[in-house]
1. Read through the list (1) open to solvent by 40 Å² or more (accessible area, probe 1.4 Å); (2) farther than 30 Å from residue 103 by Cα; (3) at pLDDT 90 or above, then give the number of the only condition that residue 267 fails.
2. Against the definition (more than 30 Å from residue 250 (Cα to Cα) and modelled with pLDDT of 90 or more), how does residue 137 come out, yes or no?
3. Of the residues that make up segment 184-199, is at least one in a helix (DSSP H, G or I) and without any contact (Cβ under 8 Å) to a residue 40 or more places away in the chain?
4. Which of the following residues is modelled with pLDDT of 95 or more and more than 15 Å from residue 74 (Cα to Cα): 251, 228?
5. What are the residues in segment 206-237 that are of a type outside the set (Gly, Ala, Ser), closer than 18 Å to residue 250 by Cβ and touching a residue at least 60 places away in the same chain (Cβ under 8 Å), if any?
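The values are calculated or read from the model by the stated rules, or taken from the named source; none is laboratory data. Bear in mind that the values here come from a model prediction, so they are computed numbers and not experimental data. FYI the Cβ positions are ideal-geometry reconstructions off the backbone, even for glycines, and counts take in every protein chain you see. Quick note on the areas: whole protein, heavy atoms, side chains included, nothing else; ligands and nucleic acids left out. Shrake-Rupley method; radii C 1.70, N 1.55, O 1.52, S 1.80 Å.
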Amino acid sequence: MSSVSEQTEGRERRDSPTGGDLEEPLVVVHEAAPEFDEHIHYSHRAPWLRAFVLGANDGLVSVSSIMLGVAGGSSELKIMRLAGVAGWIAGALSMACGEYISVSSQRDTEAADVEKERREQEKGPAARAHELEELTQIYCNRGLSPDLARQVAEELTEKDAVRAHARDELGIDIDELANPWQAAIVSCLAFTLGAIIPILAGGFIADYKTRLYVTSAAATGGLALFGLIGAALGGADVTVGASRVVIGGWLAMAATFGIGNLFGVDPA
């Protein structure tokens, strides 16, 4: 039987008992189309969600370390809680401001590069011919034959020359320019999500030792969860990813607690 998707056995003629010819009915066999795995690359899997998880991890480690560092120097519940709240507000606003400034600078640079390409297209036929050759060479460098590269460059230039140069020469998607306000808000919320875990866990427990144990345990659980999610989104080993985040958080919390105890005014 042939391996093509549709096979016809044809019409077979045979002798009937009466001597006439009978035609066998046309038989068509359809084979199932091959199935392909529509896989999604890990680098394309919700990058904003991975950034959110990293921001939450930052908030958790920062505020947990601040609270334990203060607790190392003072057993006062109010002081520890105040330090946690202050660290939360300061960290969230700092992250928001930093992201807004960084992404605004990135967007300004991208917009300036796109505008430069637009001005090149407006300089006249010679400049446009030079830009076309530049685009053709880019596609040749990516493996296309010169004739095909020229054809692709001409068609894309005819459709939208600025967009083609922005994407293939500069690596900028005009439809996906970074949004500084979105980045600032997401960073603030992510930091807040991580920061409130140690504040709610240990900020209202009167007993000093119990407060330290609960804060440390809550921070450890949060670190493991964020590490696991981050590793899963990135396609890495979740055990290794979670362990790496937990160990790093432990080191930060232990170091700040030790320094707080060393310089503390009321060590317990």
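1. Condition not satisfied by residue 267: (3).
2. So residue 137 passes the test.
3. No, every residue in segment 184-199 fails to be in a helix (DSSP H, G or I) and without any contact (Cβ under 8 Å) to a residue 40 or more places away in the chain.
4. The conditions single out 251.
5. 211, 212, 215, 223, 226
Conditions (1) within 31 Å of the chain's Cα centre (by Cα); (2) under 30 Å from residue 198 (Cβ atoms); (3) among the charged types (D, E, K, R), marked per residue:
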residue: 91; (1), (2), (3): yes, yes, no
residue: 106; (1), (2), (3): yes, no, no
residue: 112; (1), (2), (3): yes, no, no
residue: 117; (1), (2), (3): yes, no, yes
residue: 121; (1), (2), (3): no, no, no
residue: 138; (1), (2), (3): yes, no, no
residue: 145; (1), (2), (3): no, no, no
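One line per residue, one yes/no per condition, for (1) buried (at least 20 other Cβ atoms within 10 Å of the Cβ); (2) under 18 Å from residue 49 (Cα atoms):
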site	(1), (2)
148	no, no
151	no, no
154	no, no
159	no, no
164	yes, no
187	yes, yes
209	no, no
222	yes, yes
230	yes, yes
